[in-house]
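Below is one structure, written out as structure tokens; comments come after it.
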There are 4 protein chains.
Amino acid sequence: MTGNWGRWGSDDEAGALNLVTPDVTLKAARLVRTGRTLGLAQPLGPSTASPRHRPGPMRFMNRDAGDYALGARSPGGFRFAEDTVQFPTHSGTHADTLAHAWTGEEIYNGHPQSSTRTTRGAQRCGAEKLVPVVTRGVLVDLVAATGGPLAASAPVGVDELRRGIAEAGVTPETGDAVLIRTGWLETQGNGGDYFADEPGITAEAARWLADHDVALVGADNYAVEQQSATSGFPAHLLLLHQHGVPLLENLELAELGDALAAEARSTFLFVFAPIPLVGSTATPVTPVVVL
Amino acid sequence: MTGNWGRWGSDDEAGALNLVTPDVTLKAARLVRTGRTLGLAQPLGPSTASPRHRPGPMRFMNRDAGDYALGARSPGGFRFAEDTVQFPTHSGTHADTLAHAWTGEEIYNGHPQSSTRTTRGAQRCGAEKLVPVVTRGVLVDLVAATGGPLAASAPVGVDELRRGIAEAGVTPETGDAVLIRTGWLETQGNGGDYFADEPGITAEAARWLADHDVALVGADNYAVEQQSATSGFPAHLLLLHQHGVPLLENLELAELGDALAAEARSTFLFVFAPIPLVGSTATPVTPVVVL
Amino acid sequence: MTGNWGRWGSDDEAGALNLVTPDVTLKAARLVRTGRTLGLAQPLGPSTASPRHRPGPMRFMNRDAGDYALGARSPGGFRFAEDTVQFPTHSGTHADTLAHAWTGEEIYNGHPQSSTRTTRGAQRCGAEKLVPVVTRGVLVDLVAATGGPLAASAPVGVDELRRGIAEAGVTPETGDAVLIRTGWLETQGNGGDYFADEPGITAEAARWLADHDVALVGADNYAVEQQSATSGFPAHLLLLHQHGVPLLENLELAELGDALAAEARSTFLFVFAPIPLVGSTATPVTPVVVL
Amino acid sequence: MTGNWGRWGSDDEAGALNLVTPDVTLKAARLVRTGRTLGLAQPLGPSTASPRHRPGPMRFMNRDAGDYALGARSPGGFRFAEDTVQFPTHSGTHADTLAHAWTGEEIYNGHPQSSTRTTRGAQRCGAEKLVPVVTRGVLVDLVAATGGPLAASAPVGVDELRRGIAEAGVTPETGDAVLIRTGWLETQGNGGDYFADEPGITAEAARWLADHDVALVGADNYAVEQQSATSGFPAHLLLLHQHGVPLLENLELAELGDALAAEARSTFLFVFAPIPLVGSTATPVTPVVVL
């Protein structure tokens, strides 16, 4: 197996996140110019777009103001509300972990597929093994570059990746988080055909990103990679399985794109703070950008 | 009502997070010295400590390697695993939202308590209204200051807060995230009496923090404030209800404390990236520190 | 309040099920002729028809054969599988409890509506208060009587109820379970407009049934009563609220109708064995008929 | 494989329930003497005793009186409450299906174990394949026979089964539901050591019951069979796996025992009306007895 297997030892479960060394973080911190902060996550709730085969997120109240209106006691005047949530981990804005996709009998780094089973979830490469990183973010803005959102099933190859980086002299570097704005969520996210054939990166583009040693790849679509009737998931296998690069899906990139365009830049401080859900194959995350 | 009601307009639902302006973020970014990055969240799973009245987090597999071992097809060789999670939002490391606690008929900023009801959750001040912020973090390390973890029900007053900040000349400033290490999680977190009477801040300490216009207050215990048979939750009302200051609970602060002690500092870049759970009264979060 | 409030004491929570005395059961047992047994419940699972505002039933495996295929130990050769289910209680074939519907501030028998709240569910008249009963069942078969399924929004009044009972000399009696076959589930249950405007009983028909002291009323539709843009739920209030008559919804009545038609009868032994879900407003049930 | 494999065809998934023919039901109906009706199910809710490795049942309100107290509209005066439940299917009073336990690679009747997997649950022998039956019930009352509840780990062998049937001349017959009162739930059910080593049937007793062609075996304990440090689950394999006899667990048998003792009888009309949970390995049931 080519790729990053064994690169950080046979026990490694963090993959390309290892590429974000303190030096990479230090350098990224210097990108802060205005201090303006943006979150890239969709609200996660019953209205979050979900594919047919997955129930949407649910919230159940365990205590609320209705209890007090109906006479519940308020010791010392204190009142409180609580709730429980339930959601498929691949709902809304989330990170795919290295336990999510594989081929053959082994997941990333040669860990056995048998480490992911019903009784215990993903014992290897689950969401609690994703380490938080602070690194340089690079926006590939294809909406800005092409004058509008990409069409269904439009392929984003290496040329498109290069063209989508507006800032002169910027190419992906070791430890970068590369985010790709296709315009798909902006146009199809609410009641459109969001889960139909999306535009996204090709296998070649995925390989190019992996060859540049990026730490994270994300997009404003549901699977990062281009989808059509016959496409399969080659970029998932290249990035997650072979190179240990977590994927960020269903990102909100419109506001970021507009903000960067106004400053003619493509890079920024990027924070990845995944929730350490034990044994999960994905996890919700609110990616944060500082301009 | 004193406090911050009306300070950011009658519609405001973000509270003291408004205090983290771009300038505050800019200044905080300059605190980065080594680039070393730490996450402060506990793993969130079935083993996460939970109080008796709340079920612990659950994870259910929707597809896993067992399906393939039993003969499920792998189109093009592609295999994947998925899961669903369920947890009370006040489980593990989380932020209490401004909809969580109140007194009388109004929550923070005069929003009616009736905005939090069974059918729709918290329509005002739910987790999706917490904005991500990047700001200065200040550690109050009482384990370092007192030579060990605090005892059960030990009060942390204003004097203790001052004494727990090791770095000369540092006091809480506008927009700070103040984190208080009591040692409680370190000593009681695994199988101990974690949900019994915890050490924590007093009402006076809460008022002092609010008077310094901090944006966030967190601790390595389950309720930030000191608990005993008769204490109630005055700091919750002062911070969440009157001043709109979200609370961070069940933080992992031991590694941070040790790292800061080694560098004789108390401040650092702090990132708050809450998951925007629609209508929830709390939300999981992985606070991130950059040294 | 007219109806059955106070009839069985001010504490009563079982309502019209009280009408099924041992004598009623004894008499019903004598209706058994062939011993043929039928269940009237739909399968309850992800494919069960659900209205838009309710998620469908879910099942999560906790242990399955995949664990063993991947190497889980089988002490002494023993293997087992387990699962967890989740469903809105008004899904599939279920009984509406007396806590489900009301008007004003009181539910059935004058119990305060405040007995049904978030923290504790229905403390009065929840599903655990429905007692199992064995009684006479009477089928009103409007498919047989009218030569086919009823149209959308078709009203079933007193005349239709009378006409739908094929067996000479049979009218509803004290303690009966009256089941109404409209044909709606048979024609709309799978992918049709099942949750649109259904045929069902009118308010007058509901009053007539209550006046005959029936114990249970059920139908092969989602709300027993006729639905249209303006109809509301008067039969729910008459039967559940005023008379304490539980409703059986989403019944499978086609096979029963055909079996009874072949024997030219309308009555049979009927068993109501509700699951005692504590504090729930409805509960799944498999009604059983013996011919 | 000995036992009932193939006895009702290679596709059979109902097992010993096939033994309850219309004639068996007819004969059972004649056992009704007084019409007194009893349910044998525990309330199913948060207080239901659950073993450590399974979360207890949960109920979440989706709408309740609190909504109305806080101002929700009541069109035409109509108010309603709804809820959602979640529980491991082996909670409280339930039937183990023929998909629950096996050895080797095949479940009951030679169906492959691979029919039970994460993505689809139990496609063979799940709860929706359990047919409702009305048959003769026989109580083996060891509390009455021995003067008190059995001790922990007490074995119930063939002699004890014979001795526990009080009514002269009664032995298990084809299609019977045999219920065994050990007294365990009565003494350990609330806060005791219920899930510790229970008294119950031995492998020999299980074989004897199977040889008598019973349709169902149940008990007032959590696993029907005797449990100790070294016992394993031989009766599960004999009854569920080899003979296709569903097990009824956590039955409430005290009231039934007292009622039968007062009439010096051991037999009665018994109704088994399982909820057809699609693909589940167990299902809640309210067994009903008519005396």
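Numbers at a glance
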| read-out | value |
| --- | --- |
| Given (1) within 14 Å of chain D (Cβ to nearest Cβ); (2) among the hydrophobic types (A, V, I, L, M, F, W, C); (3) open to solvent by 10 Å² or more (accessible area, probe 1.4 Å), number of the condition C:Ala122 does not satisfy | (3) |
| Only one of B:Val158, B:Val134, B:Val138 that is in contact with a helix residue (DSSP H, G or I) (Cβ under 9 Å, 6 or more places away or on another chain) and buried (at least 23 other Cβ atoms within 10 Å of the Cβ) | B:Val134 |
| Search result, residues across the range D:24-41 that are buried (at least 21 other Cβ atoms within 10 Å of the Cβ), in a loop (DSSP other than H, G, I, E, B) and within 7 Å of chain C (Cβ to nearest Cβ) | D:Val32, D:Ala41 |
| Residue pairs meeting the criteria (Cβ under 6 Å; at least 6 apart or on separate chains; first farther than 21 Å from B:Val143 by Cα, in the range B:214-235; second part of a loop (DSSP other than H, G, I, E, B)) | B:Val214/B:Pro172; B:Val214/B:Asp176; B:Ala215/B:Val20; B:Ala215/B:Gly175; B:Gly232/A:Phe78; B:Phe233/A:Phe78 |
| One residue from C:Thr202, C:Thr286 being touching a strand residue (DSSP E or B) at 6+ places or on another chain (Cβ under 6 Å), of a type in the set (Ser, Thr, Tyr), more than 29 Å from C:Gly104 (Cβ to Cβ) and in the same structural domain as C:Gly148 (by TED's automatic domain parsing) | C:Thr286 |
| Residue match in the range C:82-95 (condition: in contact with a His (Cβ under 8 Å, 6 or more places away or on another chain), among the acidic types (Asp, Glu) and without any contact (Cβ under 8 Å) to a residue 60 or more places away in the chain) | yes |
| Residues within the range A:1-45 that are within 30 Å of B:Lys129 (Cα to Cα) and either under 20 Å from the mean Cα position of the chain (by Cα) or of a type in the set (Gly, Ala, Ser) (or both), tallied | 14 |
| Members of the range A:261-276 found to be within 25 Å of A:Pro22 (Cα to Cα) and of a type outside the set (Phe, Trp, Tyr), listed by number | A:Arg265, A:Ser266, A:Thr267, A:Leu269, A:Val271, A:Ala273, A:Pro274, A:Ile275, A:Pro276 |
| Condition met for A:Thr21 (surrounded by 18 or more Cβ atoms within 10 Å (Cβ to Cβ) and away from chain D (no Cβ under 14 Å)) | no |
| The listed residue being within 27 Å of C:Phe195 (Cβ to Cβ) and in contact with a helix residue (DSSP H, G or I) (Cβ under 8 Å, 6 or more places away or on another chain), out of C:His100, C:His90, C:His94 | C:His100 |
| Some residue of the range C:48-67 being more than 14 Å from chain B (Cβ to nearest Cβ) and polar (S, T, N, Q) | yes |
| Residue match in the range A:238-248 (condition: over 18 Å from A:Ala95 (Cα atoms) and either more than 18 Å from the chain's Cα centre (by Cα) or crowded, with 17+ Cβ neighbours inside 10 Å (or both)) | no |
| Positions within the range A:141-155 being part of a strand (DSSP E or B) and open to solvent by less than 60 Å² (accessible area, probe 1.4 Å), in sequence order | A:Asp141 |
| Unmet requirement for C:His53, which otherwise passes all of (1) part of a loop (DSSP other than H, G, I, E, B); (2) touching a residue at least 24 places away in the same chain (Cβ under 8 Å) | (2) |
| Near pairs, Cβ below 8 angstrom, 6+ apart or cross-chain, from the range C:173-199 (among the aliphatic types (A, V, I, L, M)) to any residue that is modelled with pLDDT under 95 | C:Leu185/C:Tyr194; C:Ala196/C:Gln188 |
| Candidate set from the range C:216-236 (those that are crowded, with 24+ Cβ neighbours inside 10 Å and aliphatic (A, V, I, L, M)); member that is farthest from C:Thr34 (Cα to Cα) | C:Ala235 |
| Matching entry among D:Arg162, D:Arg136, D:Arg124 (being in the same structural domain as D:Leu253 (by TED's automatic domain parsing), closer than 21 Å to D:Leu26 by Cβ and among the charged types (D, E, K, R)) | D:Arg136 |
| Subset of the range B:161-193 [charged (D, E, K, R) and either open to solvent by 10 Å² or more (accessible area, probe 1.4 Å) or more than 27 Å from B:Val290 (Cβ to Cβ) (or both)] | B:Arg162, B:Arg163, B:Glu167, B:Glu173, B:Arg181, B:Glu186, B:Asp193 |
| Criterion violated by A:Ala81 - all others in (1) on the phi > 0 side of the Ramachandran plot; (2) in contact with a helix residue (DSSP H, G or I) (Cβ under 9 Å, 6 or more places away or on another chain) satisfied | (1) |
| Selection within the range A:274-291 - under 11 Å from the mean Cα position of the chain (by Cα) and either at pLDDT below 95 or of a type in the set (A, V, I, L, M) (or both) | A:Ala282, A:Val285 |
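The rows are residues; the columns are (1) at pLDDT below 95; (2) out of contact with any strand residue (DSSP E or B) (no Cβ under 6 Å at 6 or more places or on another chain); (3) not hydroxyl-bearing (Ser, Thr, Tyr).
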{"position": "B:Asp213", "(1), (2), (3)": "no, yes, yes"}
{"position": "B:Val224", "(1), (2), (3)": "no, no, yes"}
{"position": "B:Ala229", "(1), (2), (3)": "yes, yes, yes"}
{"position": "B:His243", "(1), (2), (3)": "no, yes, yes"}
{"position": "B:Asn250", "(1), (2), (3)": "no, yes, yes"}
{"position": "B:Ala254", "(1), (2), (3)": "no, yes, yes"}
{"position": "B:Glu263", "(1), (2), (3)": "yes, yes, yes"}
{"position": "B:Val271", "(1), (2), (3)": "no, no, yes"}
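The values are calculated or read from the model by the stated rules, or taken from the named source; none is laboratory data. Treat the numbers as computed from the prediction; the structure is a model and nothing was measured. Note that each Cβ is placed from the backbone with ideal geometry, even for glycine, and that neighbours are counted across all protein chains shown. Quick note on the areas: whole protein, heavy atoms, side chains included, nothing else; ligands and nucleic acids left out. Shrake-Rupley method; radii C 1.70, N 1.55, O 1.52, S 1.80 Å.
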